[in-house]
Amino acid sequence: MSAPVSAFAPASVGNIGVGFDLLGHVIDGPRDVATVVRTRAPGVRITAITGAAAGVERLPLDAPANTAGQALLSLQRALELDHGFELRLHKGIPLGSGLGGSAASCVAALVAANALLDTPLSREALYPFALDGEAVASGSRHGDNVAPMLLGGVVLATGERLLRLSAPAWLHAVVVHPDQVLETRRSRAVLADPFDLHTVVAHGTHLALFLTGLQRGDPELLRAGLRDVLVEPRRAALIPGFRAVQAAAFAHDAIGASISGGGPSVFAWFASAESARAAAGAMRGAFADAGFDARAYVSAVNGPRAELLERQPSAARAEGSTP
């Protein structure tokens, strides 16, 4: 067996409102950590999953049923490796939070395992294996969480490629996670019925404005584009307090605010770190008024990518969290 290697993967905001299964960005906040050992025998063995989040004890140790385990199995098969991996996971991202927890586990595991390969792969080459892992949790191969975790910042992710997008340094996000759990499969189930053409055209218009605003660093174009008329209306009712939290963000001059991933976390973008910090307490307070404690994370939109643990400073503490 080799010496253990640990890597972290940060939380993420999937979809960014207008980019369903296509866009995502990472935040400097909660994170998952994977510790991987290279073994002589082929196969993947998960020895432990730890963490304070409720439900961690129910996560499967069976590799094919675990996002991280499946990602490493896919890597092993594709490269025809004659060795295996032993894996331990520490879950820092709450389960069912809309912060990309299932994706973070498989990305952290891949980054750690990649460091143990005789010839490590590029981040782009790891992407298909991360998609295979993510599919275990969500039922589909979408990259809006795993892609930004691999590259950092804002990323456009298709089924075949991932592209980091330019985003101005002044853009900051508030991501508020309430004490609610919303499973990805449930949040996707409400999207099963067809959408009318008018809604699809409006969604495409907003997406085009958003991407142009991102490329130009234009807050007014971003404000015009960051409006989710496609997914948010169907998912809003699944998140008690969502509309009040969204309203609190807009009352503090948010560029846009919507559901993070499949929810129940809510994100908002702001034109400065100061504006984001000022809004964080109000957004937490809106969830409190609805009966839910919450934590708010303030981060640059250009957040960190997954890295070997010793190469990355500790994450910023959540607003309102305890040491």
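Throughout, read-outs are computed from the coordinates displayed, never taken from laboratory work. None of the values given here were measured: they were computed from a predicted structure. For neighbour counting, all protein chains shown are included, and Cβ atoms are generated from backbone atoms with ideal geometry for every residue, glycine included.
Go through Val200, Thr184, Val245 and say which Cα lies farthest out towards the positive end of the charge dipole of region 172-300; charges sit on Cβ, +1 for Lys and Arg, -1 for Asp and Glu.
The residue sitting farthest along the positive end of the dipole is Thr184.
Given labels modelled 7 Å from the Cα in the Cβ direction, how far is it in nm from Thr47 to Leu117?
It works out to 2.3 nm between the two label points.
Across all directions of projection, what mean area in square nanometres is found for the Cα convex hull of region 5-165? Don't skip to the end; give the middle numbers.
Values: hull surface 33.0 nm².
Approximately 8.2 nm², given one-decimal rounding.
Tell me the relative contact order for the chain as a rounded percent, counting alpha carbon contacts under 8 Å between residues six or more apart.
Working: 833 pairs, mean separation 77.9, N = 323.
Here the relative contact order equals 24 percent.
Working from the alpha-carbon coordinates of region 53-106, get Rg over Rh, Rh being the Kirkwood radius.
Details: Rg = 12.3 Å, Rh = 12.1 Å.
Here Rg/Rh amounts to 1.01.
Taking only the alpha-carbon atoms of region 172-300, what semi-axes of the equivalent ellipsoid follow from 5 times the gyration tensor eigenvalues under a square root, in whole Å, largest first? Write down the numbers at each step before the final one.
Working: eigenvalues 102, 90, 21 Å².
For region 172-300, the semi-axes come out at 23, 21, 10 Å.
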